[in-house]
Amino acid sequence: MFRQEYGRAVAVLVRVFGDIDAAEEAVQDAFTAAVQRWPSTGLPASPAGWIITTARNRAIDRFRREASREDRHAQAALLYAGSEPAEEGAVRDDRLRLIFICCHPALATSVQVALTLRLLGGLSTAEIARAFLVPEPTMAQRLVRAKGKIRDARIPYRVPSEAELPGRLRAVMAVIYLIFNEGYTASSGERFVREDLCGEAIRLGRLLAELMPDEPEVRGLLALMLLIESRRASRTNSDGDLVLLADQDRGLWDRGLIAEGQAIVRQCLERNRPGPYQIQAAIQAVHSDAPEAAATDWWQIVQLYNQLLVVASSPVVALNRAVAVAEVEGPDAALTLVDDLDLDGYHLFHAIRADLLRRLGRNAEAALAYEAAIARTENVTERQFLERSRQALTS
């Protein structure tokens, strides 16, 4: 219930009270009350409604206590808490609304994304820090400063007008895609996949595409998520072990999601306004075209990565390109590219490097690279896969 409803409850309370900290605290109080009461009383008829109502009442009680301190925010919230404000503006969905509100141009884009992941995705500070490849204390400070800036600058909690939406679109798409990524491969814990986050990201992607149908990058983002999600059933075997793309049973791929994603990619190509999400979606479309791994058009994928590096250059993009280069030019050429990258804190950098070294017969170096990858991932399924790969070097 927490995973499913935390983001929605926070979004509703932010809209009602206009105070991020108050909304978070109230929702956390409500879930604490649920843990204490539901085991004996049973689930209420509407658990989500119970959480929101309880959180709202807790917030009102807190504002009443604080009113004696003449806190203007508390008084204003108490004044308007009697009834929720009517929906207004272009964005109707509470969670999508919260993303647009948090992606205010007064905040740095990275901070906009991190703050929204915390509020909407319910991700922990540690999970967000891993997504940004920074230490957890650094991310914690960024989040505190962001909320402080919103409070001190009195940035309004209002839905941007239609004219303002394009200026916030880049950060909004980044938030949705990071929510999807955290769901598709959880950064920590026993669960390899968090289906709730994948589903929520795709739902938000569909809403965003409806809201801004003339933005090809929004369509590209939706196609990218659909094509990746189509492979979810084949990513682990019956024992729960990780299965690499090359070894997946493609009969398990969701052909409906593939057809929808590929259709969107074709529409994007017709518009001829390429952007990072559209190019990444095109790469996934090439993978989904191949009936078996050996039939993958790796040359085309390399060309798409070349284009992606032009429009959105990053070390992670270069790393993914190197994987494709290994299939076209061999592992030696790919390793040269990988060794030039500064991604020491990223576990997949070491995992990819280990696999390339293994393919070159440099097993001792591969074992060290696997150990580095294992030390940098907190996802149990990934760690077990990497440990098996390292052990296979000596078997």
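The values are calculated or read from the model by the stated rules, or taken from the named source; none is laboratory data. Since the structure is predicted, the reported quantities are computational estimates derived from the model, not experimental observations. Ideal geometry is used to build each Cβ from the backbone, glycine not excepted, and the neighbour counts take in all protein chains shown. Protein only, heavy atoms only, side chains kept; ligands, DNA and RNA dropped before computing areas. Shrake-Rupley method; radii C 1.70, N 1.55, O 1.52, S 1.80 Å.
Laid out as a table, the results:
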read-out: For the range 179-289, alpha-carbon Rg over 2.2 N^0.38 Å; value: 1.08
read-out: Surface share of carbon and sulfur [accessible, 1.4 angstrom probe, percent] for the range 226-340; value: 49
read-out: Compactness of the chain, expressed as Rg and Dmax over alpha-carbon positions, Å; value: 22.9, 73
read-out: Separation in nanometres of the label points that stand 7 Å from Cα toward Cβ, at Asn57 and Ala233; value: 4.4
read-out: Label-point separation, Arg388 to Arg65 (7 Å along Cα→Cβ), nm; value: 5.1
read-out: Within the chain, helix-based [θ] at 222 nm, where runs of 4 or more DSSP H residues each add -39,500 (n - 2.57), nearest 500; value: -22000 deg cm²/dmol
read-out: Percent accessible area from carbon and sulfur atoms, the range 91-139, protein chains only, probe 1.4 Å; value: 55
read-out: Per residue solvent-accessible surface (Å²) - the chain, probe of 1.4 Å; value: 47
read-out: Candidates Thr54, Thr336, Thr185, ranked by Gaussian network fluctuation over the chain, Cα under 10 Å, top entry; value: Thr336
